[in-house]
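For reference, the structure discussed in these notes is given below.
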Amino acid sequence: MRKFPIITKLSVTALMLTGILAGCGKDTAEPSASGGKTDKGETIEIKAVAAFAVNSVYSTMMPALAESVEKKSDGRLKINFLGGPEVVPPFQLGESVKGGNVDLAFLPSGYYTSVVPEAEVMTYSDYTFDEEKENGAYDYINKIHEEKGNMHLLHSQRNALNYALYTNKAIKKVEDLKGFSLRVAPSHIPFAKAVGADSMTIGLEDVYSALERGMVDGVAFVDVGITDLGWQKQIKQRITPNIYVNDTELIVNNDKWNSLPDHLKDILYEAAEEASEVYTKNVLAYGEKEKKEFETLGIEELNLGDELPKIAEEAGWKHLQEVSGDNAAKLEELFRKK
C-alpha cells in the first residue's frame, strides 16, 4: 500500500485570478534528463490543464496547488497552469494526459471514462478518499489508472460538492422526468436512463444556449456554481436530495510521475491535500452566496425524498458492473458499503 505523507493542517488563503496568471509563467530553466533538479538549480515543470474556465470557482484548486508546490519544493517543482477548455476540450483531457501532451489535469472522473471506464467508481463510492487510502481501494483504482490510462491518481476531491438536478420545467414527482432531455456527465447517463430521460453530454460552455433553446430540459450538475456559469437565468427548479457526491480528480501522466524523485512526489501529495482545503473553502463560501441569489430569483427547491438517490445508486453500480469486466466485483467490494 502506498504510504502517504502525514499532512499537517496549514492556513492557506485562496489566490485571485491575477495571482494565477502571474505565478504560472513558464520557467526558462530546463529539467534534468533524470527528471530531478540538478546541482545547477534547474526546475522541473509540470504542464497542467483544468476542465473548467480559469476564472471559475472550480479552478481555484489549480493556483492553490501551484503555490503550495513551488513553496514546498523551494522552486524545484513548478506547476505551469496553461488554462481550461480553451487549451484542451474537457472530454479529451484524459487522452491528453495519457499521451503526455498534458502532465497534470484537474477534471471529474466522468470526463475520462473513455480512457479509464472504472474511474467513475469514485462518483459512486460510499467512502471518502482518505478511507480509500486506508482500505486498499485507492491502490486498486490507481493501478487500473496506471495500466489503462498511463496516469497516476494523485488526488480525488470529494468533500465540497454533490450532484443535484436543475430543470427549466417544474415537476412534482420522479415520474415527471420521463421524456426529459438532461445534460449529464457520462457517469450520469445510467441515472438519466433509469428515470426515463434522454441524455446529452455537452461542454459546460454550451449548456446555457441548450437550456435557452429548449434542447435540454434540465442539467445534472454540482450543487454549487450554476450562477458562476449564468445558468440560473434559465432554471426554474432545483431538485433534491442530491444524486451523487461530486468527485474531481488530479491525474498525472505516469511517465512524468515516474520521472520525479520520491521527495517531489511526496510534495505533490502534500500540496494536493493543502490545495483541497483551499478549494473546499472557496466552493462552500460561494455556495452560501448562491443560496441567497436562488431565493431572490424565486428558484423553487423540490425535495423528492430518498427515491431519487436510490435510483441513482442502483443505476450507477449496475452500469459499473457492465463496463468494468473482471474488475467489477473487486470494485464493488472496495468502494461499496454493504
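Selection of first residues in the stretch 61-77 that are within 14 Å of residue 45 (Cα to Cα) and of second residues that are surrounded by fewer than 18 Cβ atoms within 10 Å (Cβ to Cβ) and of a type outside the set (Phe, Trp, Tyr), restricted to Cβ pairs under 6 Å at least 6 apart or on distinct chains, gives the following pairs, ordered by first then second residue: 66/23.
Of the residues that make up the stretch 230-239, is at least one over 22 Å from residue 175 (Cα atoms) and touching a Pro at 6+ places or on another chain (Cβ under 8 Å)? Looking through the stretch 230-239, none of the residues is over 22 Å from residue 175 (Cα atoms) and touching a Pro at 6+ places or on another chain (Cβ under 8 Å). Against the numbered list (1) under 30 Å from residue 68 (Cβ atoms); (2) hydrophobic (A, V, I, L, M, F, W, C); (3) surrounded by fewer than 18 Cβ atoms within 10 Å (Cβ to Cβ); (4) at pLDDT below 90, residue 204 comes up short only at (3). Applying the set (1) at pLDDT 95 or above; (2) touching a strand residue (DSSP E or B) at 6+ places or on another chain (Cβ under 8 Å) to residue 73 leaves exactly one unmet item: (2). When residue 193 is tested against (1) buried (at least 18 other Cβ atoms within 10 Å of the Cβ); (2) part of a helix (DSSP H, G or I), just one condition goes unmet, and that condition is (1).
Restricting attention to the stretch 240-295, the residues that are hydrophobic (A, V, I, L, M, F, W, C), assigned to a helix (DSSP H, G or I) and surrounded by 19 or more Cβ atoms within 10 Å (Cβ to Cβ) total 9.
Taking the stated definitions as given, is residue 281 in contact with an Asp or Glu (Cβ under 8 Å, 6 or more places away or on another chain), charged (D, E, K, R) and assigned by TED's automatic domain parsing to the domain that holds residue 57? Before the answer, list the steps.
On the way: in contact with an Asp or Glu (Cβ under 8 Å, 6 or more places away or on another chain): no; charged (D, E, K, R): yes; assigned by TED's automatic domain parsing to the domain that holds residue 57: yes.
Against the criterion (in contact with an Asp or Glu (Cβ under 8 Å, 6 or more places away or on another chain), charged (D, E, K, R) and assigned by TED's automatic domain parsing to the domain that holds residue 57), residue 281 does not qualify.
Of all the criteria given as (1) touching a helix residue (DSSP H, G or I) at 6+ places or on another chain (Cβ under 6 Å); (2) crowded, with 17+ Cβ neighbours inside 10 Å; (3) not basic (Lys, Arg), the one not satisfied by residue 177 is (1). Answer yes if at least one residue in the stretch 200-209 is more than 23 Å from residue 87 (Cα to Cα), of a type in the set (Asp, Glu) and over 16 Å from the mean Cα position of the chain (by Cα), and no otherwise. Looking through the stretch 200-209, none of the residues is more than 23 Å from residue 87 (Cα to Cα), of a type in the set (Asp, Glu) and over 16 Å from the mean Cα position of the chain (by Cα).
In the stretch 114-161, which helices (runs of 4 or more DSSP H) lie fully inside it and hold 1 or more residues that are out of contact with any helix residue (DSSP H, G or I) (no Cβ under 9 Å at 6 or more places or on another chain), farther than 15 Å from residue 334 by Cβ and not small (Gly, Ala, Ser)? Explain how you work it out, then say what you get.
Numbers: elements: 121-124, 129-135, 137-149.
Those helices (runs of 4 or more DSSP H) span 137-149.
Pairs meeting the criteria (first residue in the stretch 297-324 and farther than 20 Å from residue 184 by Cα and in contact (Cβ under 8 Å) with a residue 12 or more places away in the chain, second residue hydrophobic (A, V, I, L, M, F, W, C) and surrounded by 13 or more Cβ atoms within 10 Å (Cβ to Cβ), beta carbons under 6 Å, at least 6 apart or on different chains) are 299/235; 324/331.
The residue of the stretch 63-107 that is farthest from residue 270 (Cα to Cα), among those that are in a loop (DSSP other than H, G, I, E, B) and of a type in the set (Asp, Glu), is 86.
For the structure I just gave you, tell me whether residue 198 is under 27 Å from residue 48 (Cα atoms), surrounded by fewer than 17 Cβ atoms within 10 Å (Cβ to Cβ), assigned by TED's automatic domain parsing to the domain that holds residue 169 and charged (D, E, K, R).
Values: under 27 Å from residue 48 (Cα atoms): no; surrounded by fewer than 17 Cβ atoms within 10 Å (Cβ to Cβ): yes; assigned by TED's automatic domain parsing to the domain that holds residue 169: yes; charged (D, E, K, R): yes.
So residue 198 does not fit the description; no.
Kindly provide the set of residues from the stretch 162-188 that are assigned to a strand (DSSP E or B), touching a Phe, Trp or Tyr at 6+ places or on another chain (Cβ under 8 Å) and small (Gly, Ala, Ser), ordered by number. Answer for the stretch 162-188, where residues must be assigned to a strand (DSSP E or B), touching a Phe, Trp or Tyr at 6+ places or on another chain (Cβ under 8 Å) and small (Gly, Ala, Ser): just 164.
The values are calculated or read from the model by the stated rules, or taken from the named source; none is laboratory data. What you see is a predicted model; the values in this text were computed from it and never measured. Note: ideal-geometry Cβ built from the backbone for every residue, glycine included; neighbour counts use all protein chains shown.
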